[in-house]
Structures are given as structure tokens and as C-alpha cells.
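Heads up, the thing below is written out as C-alpha cells.
The values are calculated or read from the model by the stated rules, or taken from the named source; none is laboratory data. These numbers were taken from a predicted model, which means no experiment stands behind them. Reconstructed Cβ throughout: ideal geometry from the backbone, glycine too, with neighbour counts over all protein chains shown.
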Amino acid sequence: MNVRLPAAKAMPNKFVATSGKRNEWKFPKLLISLVSCVLVIAVWQASVSYGFVQPLFLPAPSQIFQRAVSMSAEGALFGHVIASAWRVTIGFILASLVAIPLGIFLGFSPTARAIFDPVLSFLRPLPSMSWIPLSLLWFGIGETQKYSIVFMGAFAPSLLYVMEATKGVDPLLIKAAQNLGAKPKDVMIEVILPASLPQIISGLKVMLGIAWTCVISAELVAAREGLGFMIMNGKEYFQTDTVVLGMVLISLTVMATDVIFRFVERRILPWKD
């Protein structure tokens, strides 16, 4: 007996994979962002040009651009950016090299966490600028002092990020590895680190922005180059366009480093996409 099965109906559109919607909406979102930036700059320029805002208090974008062109022609602008970026890189890498393994260890060991918790509670609320007097006494006015300010400003928060990420690992994964005979070192390397790595990287991205605020604070005192020095020097001579240019360059540099960070994150954690 032949039985005819009903023809399969087409799958409704709501069940169709929607992975292409990201690409579909990516361009309109980018266009909206560009349009909003252009509108802000246009309103800013018009407000200064028509006298609603005095250039001394907030220079026009065209004036800031002219200042950037003149400083670039003199060769000073690129040097300030490189000096600050190098200080941030060194201080941030040193803080990460200490904070990541120590944070994983403290997050894994309640006993060690109880020992170090008073020290962390003391260091955590201290702003980076509070370390400037001691750093000048310890390291002088050289580059080591700038590195130390970035290190101290980024170390304690980074350590807390790593600790919380480690504590958030599913305990069942840890117990399963221990039941299979994994040693504590193997548990930390093979289980805890991969499981907590997405949260660790997210925390380090936040700390990279904080590291920039630290280096600007360090460059406001006893520095001869860098974006912080550039801002302070512009303030001394009432060059508001130089001050705002330094602020713009800080934001653009942080945005560029964030793009690089995201690229590295995609390489290390491809499953997050």
C-alpha cells in the first residue's frame, strides 16, 4: 500500500538563520554614526563662527585642525603621541604581567585571597596622582617614574578584574578536572584560564583606557614631551586649541588601541563572534 506523505512546507522566515542581519545592519549603523559626527562638528563650528561661543573657551574645529597641521609640520605632534603611547604600553604590559597570574592565583585560592585582601583594599582606592610625589622620590623625573604611575594606576583594578573573572568560573568544571586527577597547576592553566579569558580581556580593555588617564597625570608633572605635557603647555600660554587638540588625540589614540585590542581578541577568542 502506497502512502503519500504531505509535501514539506517551506520553513517560515522567522526560523531562517539571521546571521546575515548583522552585515545587513552594519553599514546603516556606520552611516548613522558618521552623520552624527558630522552634525556635531558642524554645530560646533557654527557656534564659534557666529559668536555663540568664544574661541578662547572652545576653539572651532577648523582652528584645532590648523594647529594640528602646524604642529605636524614642526614634527612635534607625532613625537608627543609616540611618547605617551610608549609609556602607556610599557606600564600597562608590566601591570598585566603581574596582575593576570596573581589574579588567577588569588581567585583560585581562598586562603591566598584572604592574605592579600587587606593590601588590595588599601591600594584600590588610591588614584594614580597620589603616587606622583613618592614616585618622584623613588625614581626621579625620568621615564621610569612615568612607567610606575601607569603601573600603579592599572595594577590594582586589573588584579580585581582578573580575580572576579576567575571566581566566576563554573565550579563543576574545576571539580571535574580535579576528579580526573588534574593537579592545581593544571587546573589553573587548562581550566580556569581558558574559561575566564573572555572576562579578563574585557577587563583589560577597560584598564587600557584608565592607563591613558594615568599617563596624562604623570606627564602633567616633570615631563618634556607627551600629550599631557602638550595640554599643560597649551594651558600655560592660553592656547586653547592646543589643549583641545591634545584631548582629541588622546581619544583617537585610545580608539585606535581599542581596535587593535578587538582584533587580537578575535584571534584569541574566535568563538565570541
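Numbers at a glance
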| item | result |
| --- | --- |
| Among residues of the range 237-257, those that are outside any helix (DSSP H, G or I) and charged (D, E, K, R), counted | 0 |
| Residue tally, condition more than 26 Å from Leu204 (Cβ to Cβ) and touching a helix residue (DSSP H, G or I) at 6+ places or on another chain (Cβ under 7 Å), over the range 79-120 | 0 |
| Restricting the range 21-43 to residues that are modelled with pLDDT under 85 and either outside any helix (DSSP H, G or I) or among the polar types (S, T, N, Q) (or both), the residue that is surrounded by the fewest Cβ atoms within 10 Å (Cβ to Cβ) | Asn23 |
| All positions within the range 44-68 that are without any contact (Cβ under 8 Å) to a residue 40 or more places away in the chain, hydrophobic (A, V, I, L, M, F, W, C) and exposed (fewer than 11 other Cβ atoms within 10 Å of the Cβ) | Phe52 |
| Filtered residues of the range 46-83 (kept if in contact with a Ser or Thr (Cβ under 9 Å, 6 or more places away or on another chain), modelled with pLDDT of 90 or more and polar (S, T, N, Q)) | Ser62, Gln63 |
| Qualifying positions in the range 166-196 - over 20 Å from Arg113 (Cβ atoms) and in contact (Cβ under 8 Å) with a residue 24 or more places away in the chain | none |
| Criterion (modelled with pLDDT of 85 or more and within 30 Å of Ser70 (Cβ to Cβ)) met by exactly one of Met247, Met163, Met152 | Met247 |
| Any pair with Cβ under 8 angstrom, 6 or more apart, that starts in the range 217-237 at a residue that is over 20 Å from Gly91 (Cα atoms) and free of Cβ contacts under 8 Å to residues at least 24 places away in the same chain and ends at one that is among the small types (Gly, Ala, Ser) and in a helix (DSSP H, G or I) | Ile231/Gly246; Gly234/Gly246 |
| Residue match in the range 174-193 (condition: within 30 Å of Pro55 (Cβ to Cβ) and either under 17 Å from the mean Cα position of the chain (by Cα) or of a type in the set (A, V, I, L, M, F, W, C) (or both)) | no |
| Condition met for Phe78 (in contact (Cβ under 8 Å) with a residue 40 or more places away in the chain, loosely packed, with under 13 Cβ neighbours inside 10 Å and under 30 Å from Ala223 (Cα atoms)) | no |
| Residue in the range 2-20 that is modelled with pLDDT of 90 or more, more than 26 Å from Ile260 (Cβ to Cβ) and of a type outside the set (Lys, Arg) present | no |
